Amino acid sequence: MSDVVKWLNNLNHKHMVLGYGSLLSKDSRERFSNIYTQSIPVNVKGFERGWITRSEQEQQTYVGAIRNRDKQLNAHLIPTDINPGLQEREKDYRFIQVALHDIHLNRSTSLAREEQVAIENALAPFTFWMCETLAVQPASHRYPVHQTYIDTCISGCLEQGGEVEAQAFIAQTSFWRHNRVNDRRSPKYPRAAVVDIANQQKIDELLVGTESM
């Protein structure tokens, strides 16, 4: 039995959130949502991620997800209850249930088939939740995208899957032609992860060309 299967079998609660934005970052979700757990990188079919979620309170734009059967996005399975703290963090979204057959391990090529099946069987008792955008509103001058939010999302991908996962985040996200503010010296995103200079430089390299996407 693999360590992942043992871990899944020993979890006390049976709910998982599909984190596809700032929840990808272990640092951000631990410091700002008290979620102290490992996560499992997956691909989710039937949803499109884009820069479409406006926070009136925080005056900025975040990634969101909408249903689109022709699209997919990379995410992390995060065991957690949907508690008041998480609901406050995700107040610009609705929690909707996602079927297990739409969730696929994105490292399946490096797993033996038996191990992949064992993990899928261990996930069967869980209920899976996706944060769907309440209202689609692209970024604007008044509601820009802040660099520290982008850093938080992509650093989470780099932590778990390296450049391949970071590139998948970029490729599977729509509306990159947005108002962007470089706030690294004075973060405006309230749940910003701590991202070192080396990873900031790597993120900048990966983002080259997104202005035309």
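The values are calculated or read from the model by the stated rules, or taken from the named source; none is laboratory data. What you are looking at is a predicted structure, and each value in this text was computed from that prediction instead of being measured. Don't worry about glycine lacking a Cβ; one is built from the backbone with ideal geometry, like all the others, and counts go over all protein chains shown. Each accessible area value is taken on the protein alone, full model and side chains, heavy atoms only, with ligands, DNA and RNA left out. Shrake-Rupley method; radii C 1.70, N 1.55, O 1.52, S 1.80 Å.
Quick notes
- Counted residues, the range 175-191 - those being within 13 Å of Thr61 (Cα to Cα), open to solvent by less than 50 Å² (accessible area, probe 1.4 Å) and in contact with a strand residue (DSSP E or B) (Cβ under 6 Å, 6 or more places away or on another chain): 2
- Of residues in the range 24-61 being in contact with an Asp or Glu (Cβ under 7 Å, 6 or more places away or on another chain) and among the hydroxyl-bearing types (Ser, Thr, Tyr), the one most open to solvent (accessible area, probe 1.4 Å): Tyr36
- Residue satisfying all of: in the range 62-88; open to solvent by 20 Å² or more (accessible area, probe 1.4 Å) and touching a residue at least 60 places away in the same chain (Cβ under 8 Å); nearest to Val145 (Cα to Cα) among these: Ile66
- Filtering the range 183-213 to residues that are more than 27 Å from Gln72 (Cα to Cα) and in contact with a His (Cβ under 8 Å, 6 or more places away or on another chain) leaves Asp183, Pro187, Lys188.
- For first residues located in the range 23-45 and under 26 Å from Asp70 (Cα atoms) and β-branched (Val, Ile, Thr), partners that are assigned to a loop (DSSP other than H, G, I, E, B) and at pLDDT below 95 and lie 6+ apart or on another chain with Cβ distances below 6 Å form the pairs Val42/Asn106.
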